[in-house]
Amino acid sequence: MLRAHAGSRALLLGALLWRLAAAGNSELPTAVNVTWSSINFKTILQWQPKPSGYFYTVEIHGQTSDTQKKCILTTETECDVTDALRNVKETYTAHILSVQSAGMDNFEEPPFASSEKFTPYNQTILGKPEIQNYTQKDSKLNIVFQDPLTPYMFPNGSFQSIRDIFKHDLEYKLYYWKDQSSGKKEATTKSNTFEISVDNTNNYCFYIEATIPSRRENRTGQESMVFCTSVGRTILDEYGAEVFIIIAVIAIAVITLAIVLSVILCKRKKAKAAREKEPLNGI
């Protein structure tokens, strides 16, 4: 009888604690403005506001994978979830849980905010390719570049590139134009090199960007740095016609001044010679 009574009291106490936990959690604010930020599969989850008197815990829910917890009991408003998204073709949803303490999670699921769905393979932004070398010889412009790297590693410890993940879906676009001109041309490759025909009397500027033609969004990546060739580059190419106009004006002014000074000096010499030839008055 005493055991039964003690058991009922324990159940009552547990129910009371459960209600208190539920009441406490229901008053906690939930996160807002939950967004994914991902470049080359490096993925950061961000939200607002900064917590006061409570914490956040992030849960990553995949369609086919187990739920993973990240940034447990954090007071930050961002979380690096890259490791939880290794299956890059999986579609994920993040829950930002608002919790008061570790013990509260044992009674019920705390209030949370949900993110939009995110599929890394389709939505991560493609980063900048790195130009390694370029040459312009005769009528050929050759460019060699490197794939952007991801945070994911092979078993040997080397980093995977975006090509290792996207494989044949990955392409690169080259945009190039004559130096001092605005008319752009483009070329496409699935390799890490470009070889294009150019006018050997002109220098060219260019940049490269990765692209995934099969995507519906974020199809085109970030632009690389702009580089310009300098084969046969003259001072006119380097500084423009305006500098030559200025130099010509200065040269004309100097020549004109020299002529004027020469004329003045010549007249003075003639006048002096004429005065010396005049007979002295009064002799």
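Data table
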read-out: Among (1) open to solvent by 70 Å² or more (accessible area, probe 1.4 Å); (2) modelled with pLDDT of 90 or more; (3) aliphatic (A, V, I, L, M), the one test that Ile208 misses; value: (1)
read-out: Qualifying residue in segment 98-111 (condition: open to solvent by 40 Å² or more (accessible area, probe 1.4 Å) and under 22 Å from Ile125 (Cβ atoms)); value: no
read-out: Residue that is least open to solvent (accessible area, probe 1.4 Å), among those in segment 211-229 that are touching a Phe, Trp or Tyr at 6+ places or on another chain (Cβ under 9 Å) and without any contact (Cβ under 8 Å) to a residue 60 or more places away in the chain; value: Cys228
read-out: Every residue from segment 52-75 that is open to solvent by 60 Å² or more (accessible area, probe 1.4 Å) and more than 14 Å from Leu97 (Cβ to Cβ); value: Ser52, Gly53, Gln63, Thr64, Asp66
read-out: Restricting segment 147-167 to residues that are open to solvent by 70 Å² or more (accessible area, probe 1.4 Å) and free of Cβ contacts under 8 Å to residues at least 60 places away in the same chain, the residue that is nearest to Thr188 (Cα to Cα); value: Lys167
read-out: Enumeration of residues in segment 41-51 that are open to solvent by 20 Å² or more (accessible area, probe 1.4 Å) and within 23 Å of Asn218 (Cβ to Cβ); value: Lys42, Ile44, Gln46
read-out: In segment 109-136, residue nearest to Thr211 (Cα to Cα) [restricted to those that are more than 22 Å from the chain's Cα centre (by Cα) and small (Gly, Ala, Ser)]; value: Ser115
read-out: Single residue of Glu76, Glu90, Glu59 found to be under 15 Å from Thr30 (Cβ atoms), of a type in the set (Asp, Glu) and either part of a loop (DSSP other than H, G, I, E, B) or at pLDDT 95 or above (or both); value: Glu59
read-out: Hey, Pro49 without any contact (Cβ under 8 Å) to a residue 40 or more places away in the chain and touching a Pro at 6+ places or on another chain (Cβ under 9 Å) or not; value: yes
read-out: Residues of segment 123-136 that turn out to be surrounded by 16 or more Cβ atoms within 10 Å (Cβ to Cβ) and either part of a loop (DSSP other than H, G, I, E, B) or of a type outside the set (A, V, I, L, M) (or both), as a count; value: 8
read-out: From Leu13, Leu28, residue being outside any helix (DSSP H, G or I), at pLDDT below 90 and hydrophobic (A, V, I, L, M, F, W, C); value: Leu28
read-out: Criterion violated by Gln132 - all others in (1) over 30 Å from Cys228 (Cβ atoms); (2) without any contact (Cβ under 8 Å) to a residue 40 or more places away in the chain satisfied; value: (1)
read-out: Whichever residue in segment 137-195 is of a type in the set (S, T, N, Q) and assigned to a loop (DSSP other than H, G, I, E, B) and, among such residues, is nearest to the chain's Cα centre (by Cα); value: Asn192
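The values are calculated or read from the model by the stated rules, or taken from the named source; none is laboratory data. This one's a predicted model, so the numbers in the text were calculated from it and none came from an experiment. Here the Cβ is made from the backbone with ideal geometry for all residues, glycine too, and neighbour counts use every protein chain on show. When the accessible area is computed, the model is the full protein with side chains, heavy atoms only, and any ligands, DNA or RNA have been set aside. Shrake-Rupley method; radii C 1.70, N 1.55, O 1.52, S 1.80 Å.
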